[in-house]
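Step one of this worksheet: look at the structure below.
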């Protein structure tokens, strides 16, 4: 197994602890683990696969990325995107720092980053599992899917032992077998159809929102994390609405109110999302 070490530079301030605080409760058992101030996980890159460890370097403005695996081309660029290391904290501060709602949160947690996704399909399944349930519940269900349909992987880390199943593989799993991990048949059907959709070439895919069970929240969440869209804003998210003090309006009016309030944070609304979520307790975050 090939091994390499690379550096991942960033502009300070950089809230590494905040990223780990977000990733930790969402780490799929066997696939990803946060241990102390270190992130470890398995990955797929093209036809290759492997494992990575990312750790801070005291006093330096870079992280250290250690890669185990073959044909891992592109993993450095992926890590840069997932950890939002190209972000410019001065631009975020200029846009959000003076805002009465999110400005104090940014002052409390400077260096906020937009946590991305290592794999778009994995993130999509995780988002579907997370619809209207707690982070803990979605985490449990994702772990069951990996345990049942994932692949064993002999990584250097005892906590990283699995590869998330490919879209083509989950598309072949019977809906009844998906539901057997503890989800409703309707949600199993959504995952199955999302797997079939993800298996298609990009030019052959229809709009994501046309898939049954995929609504505006899921689509916005996937743009925000899967595509690292810094202006994505899931206005229908109950956590965001609570953090903004929007209550008693009903889902449609509440989403419209949140959307209207977010206009002042464009084109960096996603940073406001993570600040608002962090202002809530860990159990209430999405």
Considering (1) touching a helix residue (DSSP H, G or I) at 6+ places or on another chain (Cβ under 9 Å); (2) part of a strand (DSSP E or B); (3) modelled with pLDDT of 95 or more, say which one residue 92 fails and leave the rest. (2)
If residue 118 satisfies every condition in (1) surrounded by 20 or more Cβ atoms within 10 Å (Cβ to Cβ); (2) modelled with pLDDT of 95 or more; (3) in a loop (DSSP other than H, G, I, E, B) but one, which is the exception? (2)
Return only the number of the condition from (1) surrounded by 16 or more Cβ atoms within 10 Å (Cβ to Cβ); (2) more than 22 Å from residue 127 (Cβ to Cβ) that residue 17 does not satisfy. (1)
Tell me, which residue of the stretch 35-49 that is crowded, with 16+ Cβ neighbours inside 10 Å and modelled with pLDDT under 90 is farthest from residue 229 (Cα to Cα)? 49
Residue under evaluation residue 63, criteria (1) surrounded by fewer than 21 Cβ atoms within 10 Å (Cβ to Cβ); (2) modelled with pLDDT of 95 or more; (3) under 19 Å from residue 110 (Cβ atoms); (4) over 19 Å from the mean Cα position of the chain (by Cα), criterion not met: (1)
Whichever residue in the stretch 67-83 is surrounded by 20 or more Cβ atoms within 10 Å (Cβ to Cβ) and under 20 Å from the mean Cα position of the chain (by Cα) and, among such residues, is farthest from residue 119 (Cα to Cα): 83
Just to be sure before I move on: is residue 214 under 20 Å from the mean Cα position of the chain (by Cα), part of a helix (DSSP H, G or I), buried (at least 18 other Cβ atoms within 10 Å of the Cβ) and in contact (Cβ under 8 Å) with a residue 24 or more places away in the chain in the structure I sent? no
Quick check: is even one residue across the stretch 159-167 under 18 Å from residue 24 (Cβ atoms), within 17 Å of the chain's Cα centre (by Cα) and in a loop (DSSP other than H, G, I, E, B)? yes
Return a yes/no flag: does the stretch 188-208 have any residue that is part of a helix (DSSP H, G or I), in contact with a helix residue (DSSP H, G or I) (Cβ under 9 Å, 6 or more places away or on another chain) and free of Cβ contacts under 8 Å to residues at least 12 places away in the same chain. no
State whether one or more residues within the stretch 237-244 are in contact (Cβ under 8 Å) with a residue 60 or more places away in the chain and either within 21 Å of residue 133 (Cα to Cα) or in contact with a strand residue (DSSP E or B) (Cβ under 9 Å, 6 or more places away or on another chain) (or both). yes
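The values are calculated or read from the model by the stated rules, or taken from the named source; none is laboratory data. Quick caveat, the model's predicted, so the values are computed rather than measured. When we count neighbours, we look across all protein chains shown, and the Cβ atoms used for this are built from the backbone with ideal geometry, even at glycine.
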